Structures are given as C-alpha cells and as structure tokens.
Amino acid sequence: MKATETKLKGCFILEPKKFGDSRGYFFESFNEQTFNEVTKTQTRFVQDNQSYSTKGVLRGLHAQAGEYAQAKLVRVLSGKVLDVAVDARKGSATFGQHVAVELSAENNLQLFVPRGFLHGFVVLSDTATFFYKCDNFYHKDAEQGVRFDDDTLGIDWILPHGSLLVSDKDGVLPTFAEVFGGK
C-alpha cells in the first residue's frame, strides 16, 4: 500500500496494490499493520459504516467532538465521489484548510481523515456506495458540523450548488467561524 500525506498533516491518500489478470483483480483494502506502518499511526478501527446515495447528494461537513472524535478511513465501493477533509484542529498550521480527493470504485483510492477534521463528500456518478471505518464509536450528542457552502472554506464541490441534495439538518449548520472561530 502506498501512502501519500496531503498538505494537511496526518491526512493521507492511500493506494492499495492491485493485482489483476483475465479473471479480474485482487487487492487488500485494509491491513492494520501495513496501515499503521505507512501512516505512522497506531489507529485501531472499531466501527464500519456504509451509505448509498444518488448523484448530487452531499453529506457533510461533519465531525464528532471531544472524547468522541473519530478518525476515518474512507473509500468508494461503487461509483465516484469528491471527498473533502477540513482541518479543524486549533493551533494547526493548516487550520481551516481542506483537501479534496476524487475517490471511485475504479481508482480504489482511500482517504485517511484523522481526528480533529471535518469530513464530507458529494456523489459525482449516478449512484455511489461509500464505505468508511471509524476509530471511535458514534455518539449522537457529540455531533458537530459546518455549512458545506461556507465561503471562508473555499471548497469547490464540482457540481452546481443548485443541483446538490443536502439534508435539512446539513442545510442549517453554522459556519466554520461560528463553530471553531476565525481562520
């Protein structure tokens, strides 16, 4: 597995080694020992989640706060998404900055989103099945989020805003500055 650290410290794009022939292909999507070696972490995942969405569905930007913060290892099982991680770690040199990576069933790329980051994605294909591992259990009372269209974050979601399908809950989230203070 190849790991490339993004401009956001601790946030990695992972590319598994893929072996194929006329019968199809094989790749190891996760190996705890290899993952921890290439990311230089000691991450242990405790929960797997999966979602299915149609084109234009935007989920995020979400995080778990405090003792319930979560690191995530995300990938796409079918379709294509634009996956976004925003550094919300106060004191970080990249506080308020983001990375955006196209993840698809074809490229098999994964994104490791460390604790202290907001996370979201938008579906670019007709449908997509999104899968992610978390290193901490979900707690409803620890949910937090910011507006996907917060101008101070400068995220280009690729699709026109008018075509995005956002939940009622995500549509009324506060701005980054309201939750975390100014950049």
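The values are calculated or read from the model by the stated rules, or taken from the named source; none is laboratory data. The shown structure was predicted, so the numbers you read here are calculated from the model rather than taken from an experiment. A quick note on method: Cβ atoms are made from the backbone with ideal geometry, for glycine too, and the neighbour counts reach across all protein chains shown. For accessibility, only protein heavy atoms count, side chains too; no ligands or nucleic acids. Shrake-Rupley method; radii C 1.70, N 1.55, O 1.52, S 1.80 Å.
Summary of computed values
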| item | result |
| --- | --- |
| Region 157-183 and region 77-93: distance between their alpha carbon centers, rounded to Å | 14 Å |
| Set of lysines near K40 by C-alpha distance (under 26 Å), chain-local residues within fewer than 8 positions excluded | K2, K7, K9, K17, K18, K72, K90, K133 |
| Per-residue ³J(HN,Hα) for region 148-153, Karplus 6.51 cos²θ - 1.76 cosθ + 1.60, θ = phi - 60°, Hz, x for Gly and Pro | 5, 9, 5, 4, 5, 7 |
| Average projected area [Cα convex hull, region 64-123], square nanometres | 4.2 nm² |
| Under the Debye formula (equal points on every Cα, no solvent term), log10 I(q)/I(0) of region 1-97 at q = 0.14, 0.16, 0.19 Å⁻¹ | -0.69, -0.90, -1.25 |
| Relative contact order [Cα under 8 Å, 6+ residues apart], the chain, whole percent | 28 percent |
| Probe 1.4 Å, protein heavy atoms only - accessible area per residue of region 63-181 in square angstrom | 43 Å² |
| Peptide ranges 68-80, 34-46, 94-106, 111-123 listed from the most packed, as the mean C-beta count within 10 angstrom indicates | 111-123, 68-80, 94-106, 34-46 |
| Simple Cβ-charge dipole of the chain, Lys/Arg +1 and Asp/Glu -1, about Cα centre, in debye nearest 20 | 360 debye |
| Length released on extending from K2 to S29, taking residue separation times 0.36 nm less the Cα-Cα span | 8.6 nm |
| In Å, descending, principal axis extents of the Cα set of the chain | 52, 37, 29 |
| Distance between modelled label sites at T127 and V172, nm, 7 Å Cα→Cβ extension | 3.1 nm |
| Electrostatic dipole magnitude of region 33-131 [Cβ: Lys, Arg +1; Asp, Glu -1; Cα centre; debye, to 20] | 220 debye |
| Size of charge dipole - region 76-183 - debye, nearest 20, with Cβ of Lys, Arg +1 and Asp, Glu -1, no other charges | 360 debye |
| Region 70-183 - percent of accessible surface contributed by carbon and sulfur, probe 1.4 Å | 52 percent |
| Principal axes of region 49-88: Cα extent on each, largest first, Å | 33, 17, 13 |
| For region 114-166, with +1 on Lys and Arg beta carbons and -1 on Asp and Glu, the positive-most of V146, H119, L159 along the dipole | H119 |
